[in-house]
C-alpha cells in the first residue's frame, strides 16, 4: 500500500523512507545500544496514508521513547534529539538557529517577549550575548527533559501549538532579563560587568549547575511578571478576611503559584456568632470555598492549581477535619481536592508518650492560645493546661494515642495529609518568633515565612508571603568550594527577580520588599551519593554535613555581601541573622549524635558581617521537591532516592520515562527507595541538612510493606518515625509513599491521585 504524507502546506508527498533514515542516522550518531531499524519498525506499524508530517515526526519520537529501558538507556537521547530537530524547524524554519536579536524582535512583535529587553540592552550587547549561546547544549537533554521543555517551559501559543523559542534561547533570555539591572542610558557602550553576570548565569543554568522552577522557566522574558513559586496566605476568622483570602488565592493561582493556606483561626462548628441568635457553620464550608478558588484556574495550561491548608492539631473540629480526604462519607463533609497539614508541637508529643489526652478547642474561644502556639511554647503550655481546667470554655478530649493513630491512618490511606512541627519551625527558623512567628507553610511543606491575615483585599497591614526558588545541582559539585560561584549567582539572580516581578496583591508586595525571602534548594542528591558509593544511611552522614555546611555558608555570605553592597531587607531586625544568629546556632542538638559538629567555614567572620551590615534576604534555603526541574537537568528529584533506575511519570502530556543519571556506570550504586528497609536513614540525612537550613524541607516518609511481617506496615513503625523526625528537628513531613509490590515500575496505591496530578507539585517547586 502506498503511503502519502501531508505536508505543512496541505500538499501530499509520497512517503520517503530514505528521509526518515537520514534523520534517524543523525539522531543516533555516536550513541551506543540504539538501533535505527528498531525505531523504524516500531514506527512503521503505526503509519497510515495521508499522515501529517507533524504527526509522523511525533511518531518517530514516540517510537524512540518507547524503547527506553534500563538496558537501552540511550534511546532517551535519540528521542530528545528528534524533539530538538522538530523544534528547530518550527522556530527557525530550518536546522540552523537565527541570531538572538532577530528572535527577540520577532517575539516582541508577536507580544511574546517583554519589550523592555530592547530598551535595556544595546544591539552590541545582544550581539555579544548571541556569541555566548551554545546551541549544541540542546542535545545534552534527555527525552523527559525535552518533553517538559516543550510541554511547559518554551513560550508557545497553546491553541495553535506554535513554539517561539528553543531551550538555549530560553536560557539566554532568562539570564538577560534577571541581570538587566535598571534602565540606565549607556550611550551604546557595553556594560561588561553586567555581561559577565549574564554569561556566568547562562552557563550555570544551561549546564544544569543551577535549576530554576516552573514560574521562572515559563514566565521570565514574557510580559507575565509573577515568578514566585510559593505563596502563603493566612485567613482570619471574619467573613471579610475569608473573602480577601479567596480573592488572593485566585490572583496567585492564575500566575502558576502553589498556595499554602492558613485556616486554623477560623472558628468551629456551633460557635456563637454575634448575639448568639445563630451559630457558626464551622470550618469545612469555608475550606470548600477555598478549594473552589484553587481549582478555578489551571495556571495557563502549565500546571493545575493546588494548595495545602494548615490547621492546628488541637482544633475543635479535628475529628471531622482529619477525614477530609477520606473516600468514605458524603461530599458535604469532605474536601478531597486540596491537601492539608496538621500542626504539632512538643506538648502534643509529650501527651502521646505519657498516655495523656489531647484537648480540642475552638480558636475563637482561645485566641491567646492560638497565637502562643506559634510564638511562645512556654506560654502555650501554660494556657493549654489552664483552659483544660476551665469549665466555661467549650472543649472535648481524646486519648493522644487515638489522635495520632487517626492522623497516621488517614496520612497512610491518602498519602497526602502532612505534618508540621510549629515549634521547630519557629525556634530553628530565620525569624524572631515573638516579632514574626511562623504560622503556616506552603503547598509542598518547605517554606517557613511570617504571614498576617488580610481584613480586606487592600489591607495595608496584611502580609502574604512569597518565596522565590531555585536549586543547586549537588550531582555536579565535586568540591565544597565549588558552591561559592553557583550560590552567589543564584542569590543575585533571585534577588534581582524580586525587583523585576509584579505583585497583584499589595500585601504580597509589601511583605516581599520588607523581607526579600529566597529559597535555594538541592537537586540530584541521589546521584551525588551514588557517584561516591554511598547510601541513605550513616555512610553518607559526614560528607553530607561537609557539603551542606559549605552550601549554606556561601548562600548566607552571598546575601550578606548584597546587603553590604545595596542594603539589608527592611525588616532585617526581625531576623535572627541581624543578631549574628545562624542556622548552625539553633538546630536540634540531637543531630550531634549523628555527626560530630565541626565548623569548616569562617562562620565567626560572617556573624560579624551580619551584625554590622545585616542580611539582604531574610531566608535563603528551602529544599523543595524539584520534580519537573530535575527532569530538565537529567537529575534525580531533590534529595529523594529514586524509585527505580527507570521511572515512568504521568503528566498532562502523557507518560515519560526518566533514567537515573550515569545508569551504565552506577546502576548497582543507587540506593533505590523500595530497597530501603525503613525511612530512618533518609530522615536522619534530612535532619543533618536541616541543621544548615533557615526554612524547611519537603520530607517524605516511604514504606515497602514487603519489609514487614505479613506485608503490613505496623502503626508502631509510623509513630516511631514521626517521633524520630521530631527528635532530630525536622520541621515538616510531606508525602506518605507506599509501594504496592506490583513490580519495578509500579506506582503507589496511596499516591494514585499524586501520580495523576503530578503537575500540582510546587515545581521548583523546581524545582
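The values are calculated or read from the model by the stated rules, or taken from the named source; none is laboratory data. From a predicted model like this one, the values you see are computed outputs, not experimental measurements. All Cβ positions, even for glycine, are placed from backbone atoms using ideal geometry, and neighbour counts span all protein chains on display.
Observations on the structure shown:
- Qualifying residue in the stretch 309-328 (condition: more than 30 Å from the chain's Cα centre (by Cα), at pLDDT below 90 and either surrounded by fewer than 24 Cβ atoms within 10 Å (Cβ to Cβ) or more than 23 Å from residue 440 (Cβ to Cβ) (or both)): yes
- Residue match in the stretch 682-693 (condition: over 23 Å from the mean Cα position of the chain (by Cα) and part of a helix (DSSP H, G or I)): no
- Residue count, the stretch 109-128 (criterion: more than 30 Å from the chain's Cα centre (by Cα), surrounded by 15 or more Cβ atoms within 10 Å (Cβ to Cβ) and assigned to a helix (DSSP H, G or I)): 5
- Matching option when the condition is out of contact with any helix residue (DSSP H, G or I) (no Cβ under 8 Å at 6 or more places or on another chain) and in a loop (DSSP other than H, G, I, E, B), among 514, 502: 502
- Residue in the stretch 721-733 that is assigned to a loop (DSSP other than H, G, I, E, B), modelled with pLDDT under 95, out of contact with any strand residue (DSSP E or B) (no Cβ under 7 Å at 6 or more places or on another chain) and over 22 Å from residue 469 (Cβ atoms) present: no
- Within the set 558, 578, 563, 508, the sole residue that is surrounded by 16 or more Cβ atoms within 10 Å (Cβ to Cβ), over 21 Å from the mean Cα position of the chain (by Cα) and within 30 Å of residue 628 (Cα to Cα) turns out to be 558.
- Among residues of the stretch 412-422, those that are assigned to a helix (DSSP H, G or I) and either free of Cβ contacts under 8 Å to residues at least 12 places away in the same chain or surrounded by 24 or more Cβ atoms within 10 Å (Cβ to Cβ) (or both), counted: 1
- Residue within the stretch 654-665 that is part of a loop (DSSP other than H, G, I, E, B), in contact with a strand residue (DSSP E or B) (Cβ under 8 Å, 6 or more places away or on another chain) and on the phi < 0 side of the Ramachandran plot present: yes
- Checked against (1) in a helix (DSSP H, G or I); (2) in contact (Cβ under 8 Å) with a residue 60 or more places away in the chain; (3) under 30 Å from residue 439 (Cβ atoms); (4) in contact with a helix residue (DSSP H, G or I) (Cβ under 7 Å, 6 or more places away or on another chain), residue 228 passes all but condition (1).
- Hits in the stretch 250-283 - residues which are over 21 Å from residue 317 (Cβ atoms), modelled with pLDDT of 90 or more and surrounded by fewer than 23 Cβ atoms within 10 Å (Cβ to Cβ): 250
- Condition check for residue 14: at pLDDT below 95 and surrounded by 12 or more Cβ atoms within 10 Å (Cβ to Cβ): no
- Residue selected from the stretch 379-411 under the condition in contact (Cβ under 8 Å) with a residue 60 or more places away in the chain and crowded, with 18+ Cβ neighbours inside 10 Å, by the criterion nearest to residue 577 (Cα to Cα): 384
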